[in-house]
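All remarks here apply to the structure that follows.
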Amino acid sequence: MKLFDSELKVLDVLWREGDITAKRLAEILHEQVQWSKTTTYTVIKKCLDKGVVSRGEPNFVCHALISRQQAQEMETTELINKMYGGMPDQLVSSILWRKDLSGEEIERLKKIIEKLN
Amino acid sequence: MNIFSLSLSATYIILAILVVRTLFIHRLPKKTFMALWSIAACRLLLPFSIPSQLNIGSIVNKLYTAWQNQAALPVETVYAPVINDVAALGAPESLQDTLITGIANIPFDEVTTVTTNAASLSWLFYLWLAGACVLALYFLITHWRCQNTYKISLPIENRFIEEWLQVHPLRRKIHIRQSDNINAPLTYGILKPVILLPGSTDWQDETGLAYVLAHEYVHIQRFDTLYKWILVGILSMHWFNPFVWLMYIFANRDIELTCDEMVVQTFGEKMKSVYALMLISLGEKRGIFMGLCSNFSKNSVEERVVSIMKTKKNSVAKTLVALILISSIVVLFATTKTISAIPLEIQEEYKERMLFVTTGETALKVTYDGNTWEYYPHNTENEDWKWYNTEEFEKLINLAKTDNYSAYRWAGAYEAEKDLSKLEQTLADIKNGIKVSKCKIIFVADDIGPQSVASSTMRCFYWYCFGYVFKDKSGNTVDLGLFETRSALFAALKRYYDKEVMGGRMSQGEADRLFNKIAHPLRNHDEVSLLDKFINVNWSSVVLPTHGEGADRIL
């Protein structure tokens, strides 16, 4: 399942703020990304359809059904499948070759890999 | 001028622009084509015409006339069946000749203008309206759907973009946002413009970003979104005209080409290959209505790349050529054939024409080019030629039933009464004692004197007016005069009887009985005024068949 940026934005607010009403969510997003109330409700509807958010009573309280970690895993899996032919090691080596990583960071990553082995 | 004649007149401009575009697309400043499309757009939107002697139609007419005089084309053959029909109705032979030769040259669009009839217009009108609504709705729904997608975009936090916005101020505040629902950059909103960049944009590639933003900025600066909406409006109005569809496609392309040209000129010609390559990599598709343009997008990207690579500095010579092209297209195509406004004195005389049949005065007196012609629509000596009798009118109705409209027109029918039920009503009126005049009027829509009436562009109008002649109680003949419409006749009759009752010569009951014997409830179509109809038509000098054998019979 592919989550669009707009849907992740809604989830992001829910992860940070916990369960909040749709109204409050619209207020926060209006301030953050200048969405109108209807736009926010449209995106919430899409999240409901994808089953990543649930909406309950009273006052349409929204609740994230997936954690930030789960969302990250989903995105990573998709990235691995799409770009690295389903092989996670290719992704790791690609990260290690990135120019914007400092020597320290690379060392830290290498240690994580060794530990997992 | 109705929507169909408007569309037809604009078709010539569109064709001319397409030719010019094919020849000069890479040779002239792109703004030239935008200007040309704007002219076509004005022509399609504004329902009035600017007459010009140099209009292509005027020129063609003149050439055709000259050619025909040389070749002595036997045009009569075309109208052979018509001649028989007129003959059957007993019209003078020589008159037929004069008129028929003239009529054969009426250009198609003029005939349609003249023959628009209330009944056929109404279903055509509804068909047109339905088509226009469907197309407009399609665009609005597509726009609304896209707008919903665009609205869930997110702001961009990027130093380069913030700086770019600071150095590109505009009275309208520009917003730049990102969305992963789109594949290519686009701009929407007229008063609150938003540049939307795809989520996959490489934010580090500042050169690429600068080009993309420059391109979108030009669109915003020039109100291209508004222009596109106007084009959509025109297309919806003229949906039945395939050339307007062509105009829609190519005008949209030229919006992009003009925009590209301005970007290349801003960044300098050395950068044009970089810009063209970026365009290819983006596969940039623009617009609110991608669905409609997608079929042409492959060609148009190719055209855009070639156009960018061929962009050169606009020289003075090029600008001059462009200006000459634009003005000649305006003069040749955006105007209409010369039809000078009807002179006031003719309008005045025209009003009097209604009185002619009873008074025997000149129907129309026209002074043109130092000569004066007088026109009598009827032979006053001959009563048979003046009024329809029952038998003649029945023949007319039979002609109408054969669906041979031109023959029917020839028989001298009232134009708005192609409708059989209306004709039947008129027949009933004749049987009831109302006099219905045979009336033919010929107007020549070009500046041609009587020596060439036979080969000039003519309009023919047929009309009849209503009169009532009866004997009062004391046996005196009462003639109420002639009236354009039945309602006017009935009103005059009512006034007559009212006066009789007031004067004590008649009881109210008797007056009502007599009035109701003649008058009947009128339907709206009876109220069409000849005067209104004529004033709404573009017509100029009135030229009369004053030459040849026919003239003797008429004058």
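None of B:ILE141, B:ILE190 is among the aliphatic types (A, V, I, L, M), in a loop (DSSP other than H, G, I, E, B) and open to solvent by 20 Å² or more (accessible area, probe 1.4 Å) except B:ILE190.
Test B:GLN178 against the stated conditions and say whether it is away from chain A (no Cβ under 14 Å) and either open to solvent by less than 40 Å² (accessible area, probe 1.4 Å) or at pLDDT 90 or above (or both).
Working: away from chain A (no Cβ under 14 Å): no; either open to solvent by less than 40 Å² (accessible area, probe 1.4 Å) or at pLDDT 90 or above (or both): yes.
In short, no.
Going through (1) away from chain A (no Cβ under 14 Å); (2) modelled with pLDDT of 90 or more one by one, B:THR116 falls short only on (2). From the set of residues in the stretch A:94-111 that are under 23 Å from the mean Cα position of the chain (by Cα) and loosely packed, with under 11 Cβ neighbours inside 10 Å, which is farthest from B:GLN204 (Cα to Cα)? Filtering the stretch A:94-111 for residues that are under 23 Å from the mean Cα position of the chain (by Cα) and loosely packed, with under 11 Cβ neighbours inside 10 Å, the one farthest from B:GLN204 (Cα to Cα) comes out as A:ARG98. Scan the stretch B:189-237 for residues that are within 14 Å of chain A (Cβ to nearest Cβ) and within 42 Å of the chain's Cα centre (by Cα) and the total you get is 4.
Just give me the residues in the stretch B:234-270 being open to solvent by 60 Å² or more (accessible area, probe 1.4 Å) and either free of Cβ contacts under 8 Å to residues at least 24 places away in the same chain or not in a helix (DSSP H, G or I) (or both), in sequence order. Passing the criteria: B:TRP239, B:PHE240, B:PRO242, B:TRP245, B:LYS270. All of (1) away from chain B (no Cβ under 11 Å); (2) in contact (Cβ under 8 Å) with a residue 40 or more places away in the chain; (3) open to solvent by less than 80 Å² (accessible area, probe 1.4 Å) hold for A:THR76 with one exception: (2). Screening A:ARG55 on (1) away from chain B (no Cβ under 14 Å); (2) open to solvent by 40 Å² or more (accessible area, probe 1.4 Å); (3) modelled with pLDDT of 90 or more shows it passes everything except condition (3).
Can you give me the number of residues within the stretch B:144-175 that are open to solvent by less than 30 Å² (accessible area, probe 1.4 Å) and within 12 Å of chain A (Cβ to nearest Cβ)? Break it down into steps so the answer makes sense when it comes.
First, pick out the residues of the stretch B:144-175 that are open to solvent by less than 30 Å² (accessible area, probe 1.4 Å): B:150, B:152-154, B:156, B:158, B:161, B:164, B:174.
Now narrow it down to the ones that are within 12 Å of chain A (Cβ to nearest Cβ): B:150, B:152-154, B:156.
Counting residues in the stretch B:144-175 that are open to solvent by less than 30 Å² (accessible area, probe 1.4 Å) and within 12 Å of chain A (Cβ to nearest Cβ) gives 5.
Please pick out the residue among A:CYS62, A:CYS47 that is within 14 Å of chain B (Cβ to nearest Cβ) and touching a strand residue (DSSP E or B) at 6+ places or on another chain (Cβ under 9 Å).
Values: A:CYS62 fails: within 14 Å of chain B (Cβ to nearest Cβ).
Going through A:CYS62, A:CYS47 in turn, just one is within 14 Å of chain B (Cβ to nearest Cβ) and touching a strand residue (DSSP E or B) at 6+ places or on another chain (Cβ under 9 Å): A:CYS47.
Output the residue which, of all residues in the stretch B:15-56 that are under 23 Å from B:MET262 (Cα atoms) and open to solvent by 70 Å² or more (accessible area, probe 1.4 Å), is modelled with the lowest pLDDT. If we take residues in the stretch B:15-56 being under 23 Å from B:MET262 (Cα atoms) and open to solvent by 70 Å² or more (accessible area, probe 1.4 Å), then B:ARG27 is modelled with the lowest pLDDT. Criterion applied to B:ALA136, B:ALA184 was being away from chain A (no Cβ under 13 Å), modelled with pLDDT under 85 and either open to solvent by less than 60 Å² (accessible area, probe 1.4 Å) or closer than 18 Å to B:PHE223 by Cβ (or both), and the one residue passing it is B:ALA184.
Regarding the stretch A:27-43, can at least one residue be identified that is of a type in the set (Phe, Trp, Tyr), at pLDDT 90 or above and either loosely packed, with under 13 Cβ neighbours inside 10 Å or within 17 Å of B:ASP180 (Cβ to Cβ) (or both)?
Quick first cut of the stretch A:27-43, residues of a type in the set (Phe, Trp, Tyr) only: A:35, A:41.
Still in the running and at pLDDT 90 or above: A:35, A:41.
When the remaining residues are screened for being either loosely packed, with under 13 Cβ neighbours inside 10 Å or within 17 Å of B:ASP180 (Cβ to Cβ) (or both), the result is A:35.
Yes, some residue in the stretch A:27-43 is of a type in the set (Phe, Trp, Tyr), at pLDDT 90 or above and either loosely packed, with under 13 Cβ neighbours inside 10 Å or within 17 Å of B:ASP180 (Cβ to Cβ) (or both).
For the stretch A:11-20, filtered to residues that are in contact with a strand residue (DSSP E or B) (Cβ under 7 Å, 6 or more places away or on another chain) and more than 18 Å from A:GLU73 (Cβ to Cβ), the residue that is nearest to the other protein chains (Cβ to nearest Cβ) is A:ILE20.
The values are calculated or read from the model by the stated rules, or taken from the named source; none is laboratory data. These figures come from a predicted structure and were not determined experimentally. For neighbour counting, all protein chains shown are included, and Cβ atoms are generated from backbone atoms with ideal geometry for every residue, glycine included. Keep in mind that these areas ignore ligands, DNA and RNA; they rest on the heavy atoms of the full protein, side chains included. Shrake-Rupley method; radii C 1.70, N 1.55, O 1.52, S 1.80 Å.
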